[in-house]
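As structure tokens, the structure follows; a few thoughts come after it.
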Amino acid sequence: MFSSSPAKGGPSKMSKIFKKRSKTQEPPPPSQSIELPNSEFPTPNTTPVPSPARGFTPKRITLRQELDPFNVSASASNIDLGLDDPDAKRLLHDVSMSYTFPCKYWLRLTPIILLTSTFSSIITSLALRSYKPYDGSAKDYHKIWEKYFINSRYIDLTREVGPGSPVDDFTVMPTLTNGKCWKYIEGFCEVGEEFTYTDHGFVGTEVRFNEGSLGSGIEVPAKWNEYGATISDVPGSVSLRPLYVIDVTSKVESDASYVVSVQDILDFEEEGFTGEIAEGSVVAFRSGWGKKYNTYTDDGIPSEFSSVSLEALKFLHMDRKVLMHGVEPLDTDSSENKLGAAWLAHNNRLWMKGLARLDEVPQHGCLITLTTFPLKGLTSGNFGRHVAICPDHNFYDAASWGEKFHTNDQGGELNLKEHPLRRGTNGVMVVDKDADPTEYCKSVTSLGCDEEGNPVWE
């Protein structure tokens, strides 16, 4: 290697040679520059760097394009070094290994050193980008929860169901009764004995229902298709999706049987500034049908209701590739032969019906949670919870839509009733302001009591 300092008494011999050659030798024309392909740097060796006496002079280094440390394609092949000596590649490597040149020649070598540093930065950036800690993803989602979801609005899109809920001609009203002991347990319960707060420390409920149009739910292909998926086949990956809400309320007001067309969807994409509906998302249609939902028990479900045309369903699923669509009425199809439902089922698609409070949901920018009760082989998904999660923007009226997290929500502590719960005549547990509070742990069979017979929660 070259000496790091000149000899005492004047410039070194090597520095005189460099000075002489820099004055006499012209730089090579651009055509003599070389390209360095990827991974062609020589391995470290002890071969001396070619001296100026052998005809080599360092030349100016130019970059043909800006290097992006996050662009994998950025490599040595994108750099024009402007070196005409066959040993240039070895010099580039060896110079990066040694910083012993005299200080007065650093300016000539600075471009080469900077280039070497740039390559090191690229390699470091790529390595850091590809590195993923074992628990990094979990921490990232926790930060998303803390930054966004805690400050979001939650709009429950699910209808409560029970005795008195509106049903169609194919659905039987559900019934609820006291839960009973179905198997003899010595010292605890007899077969057929009803569970009570006093004697057992808890109560149970037996529910009887049939599949059909009951409240909010996800319909599955098996209801129409003997080869189709049942509710227990629905994968967990459907649980959280982007939500779009297309409003056709004004059209339904003038035509109760309005059928959504492909043009309605295209107009929404254009006027809503959303671009094309995202693949894998959920598209709900707001029609205003649900605003009178509570009157349908006595007055009956309207024979006329808005639905989605077969062409629009095909467009959503085949062109936009959505996960599913949803409507407010208890049926997604108002056609006489249920063409839309049949097409969806025999193409093994999902769809939703009976959605509530769509008038409270912004048309875009929200997510929707989709849960089902995975009863094995069930051909309908009426039992689930669907919630829209929306940003808490200041231009929304916080008092008129959605719910926010409160302190007790974070810890999981729910609100207490003002009075004890008792089962009503229709089997539903309701608040009874005339009921006397239960004295827990007075029975030897009661659960939830410590060794001294006292409630563990007191």
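The values are calculated or read from the model by the stated rules, or taken from the named source; none is laboratory data. The model shown is predicted, which means the values in this text are computed figures rather than measured ones. Here Cβ is always computed from backbone atoms with ideal geometry, including for glycine, and neighbour counts include all displayed protein chains.
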Point to revise | region 171-193, residues that are surrounded by fewer than 16 Cβ atoms within 10 Å (Cβ to Cβ) and not in a loop (DSSP other than H, G, I, E, B) | key: Thr175, Thr177, Asn178, Lys180, Ile185
Point to revise | First in region 295-317 and over 26 Å from Pro163 (Cβ atoms), second anywhere and of a type in the set (Phe, Trp, Tyr), Cβ under 7 Å, 6 or more apart | key: Ser306/Tyr258; Ser306/Trp289; Val308/Phe285; Leu310/Trp343; Leu313/Trp343
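Please indicate, with yes or no, whether at least one residue in region 184-193 is without any contact (Cβ under 8 Å) to a residue 24 or more places away in the chain and in the same structural domain as Ser303 (by TED's automatic domain parsing).
Narrowing region 184-193 to residues without any contact (Cβ under 8 Å) to a residue 24 or more places away in the chain: 184-186, 190-193.
Still in the list and also in the same structural domain as Ser303 (by TED's automatic domain parsing): none.
Taking every residue of region 184-193 in turn, none turns out to be without any contact (Cβ under 8 Å) to a residue 24 or more places away in the chain and in the same structural domain as Ser303 (by TED's automatic domain parsing).
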Practice item. Please enumerate the residues belonging to region 355-364 that are touching a helix residue (DSSP H, G or I) at 6+ places or on another chain (Cβ under 8 Å) and in a loop (DSSP other than H, G, I, E, B). Key: Leu355, Ala356, Arg357, Gln363
Review point. Quick one: would you say Asp156 is acidic (Asp, Glu), under 30 Å from Gly300 (Cα atoms) and either over 16 Å from the mean Cα position of the chain (by Cα) or not assigned by TED's automatic domain parsing to the domain that holds Lys292 (or both)?
Key: yes
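Looking at region 140-155, can you tell me whether even one residue there is at pLDDT 90 or above, among the basic types (Lys, Arg), surrounded by fewer than 15 Cβ atoms within 10 Å (Cβ to Cβ) and outside any loop (DSSP other than H, G, I, E, B)?
We begin by selecting, within region 140-155, every residue at pLDDT 90 or above; these are 154-155.
Remaining after also requiring among the basic types (Lys, Arg): none.
No, because not a single residue in region 140-155 is at pLDDT 90 or above, among the basic types (Lys, Arg), surrounded by fewer than 15 Cβ atoms within 10 Å (Cβ to Cβ) and outside any loop (DSSP other than H, G, I, E, B).
Got a sec? Which helices (runs of 4 or more DSSP H) wholly within region 214-305 have at least 3 residues that are in contact with a helix residue (DSSP H, G or I) (Cβ under 9 Å, 6 or more places away or on another chain) and farther than 19 Å from Trp343 by Cβ?
Numbers: elements: 249-254, 262-271, 296-299.
Answer list for region 214-305: 249-254.
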Revision key, fill the gap. Subset of region 349-374, residues among the small types (Gly, Ala, Ser) and surrounded by fewer than 22 Cβ atoms within 10 Å (Cβ to Cβ), comes to Ala356, Gly365
Check your understanding: Hey, any hits in region 196-213 for a residue that's buried (at least 16 other Cβ atoms within 10 Å of the Cβ) and not in a loop (DSSP other than H, G, I, E, B)?
Key -> no
Check your understanding: Could you list, in sequence order, the residues of region 295-342 that are under 21 Å from Lys223 (Cβ atoms), among the charged types (D, E, K, R) and either touching a His at 6+ places or on another chain (Cβ under 6 Å) or surrounded by fewer than 17 Cβ atoms within 10 Å (Cβ to Cβ) (or both)?
Key -> Lys314, Glu336, Lys338
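Yes/no per residue for (1) in contact with a strand residue (DSSP E or B) (Cβ under 7 Å, 6 or more places away or on another chain); (2) of a type in the set (Phe, Trp, Tyr); (3) modelled with pLDDT of 90 or more:
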{"residue": "Thr332", "(1), (2), (3)": "yes, no, no"}
{"residue": "Leu358", "(1), (2), (3)": "yes, no, yes"}
{"residue": "Thr379", "(1), (2), (3)": "no, no, no"}
{"residue": "Ala388", "(1), (2), (3)": "yes, no, yes"}
{"residue": "Phe395", "(1), (2), (3)": "no, yes, no"}
{"residue": "Lys404", "(1), (2), (3)": "yes, no, no"}
{"residue": "Gly412", "(1), (2), (3)": "no, no, no"}
Check your understanding: Which ones in region 206-231 are at pLDDT below 90 and hydroxyl-bearing (Ser, Thr, Tyr)?
Key -> Ser213, Ser216
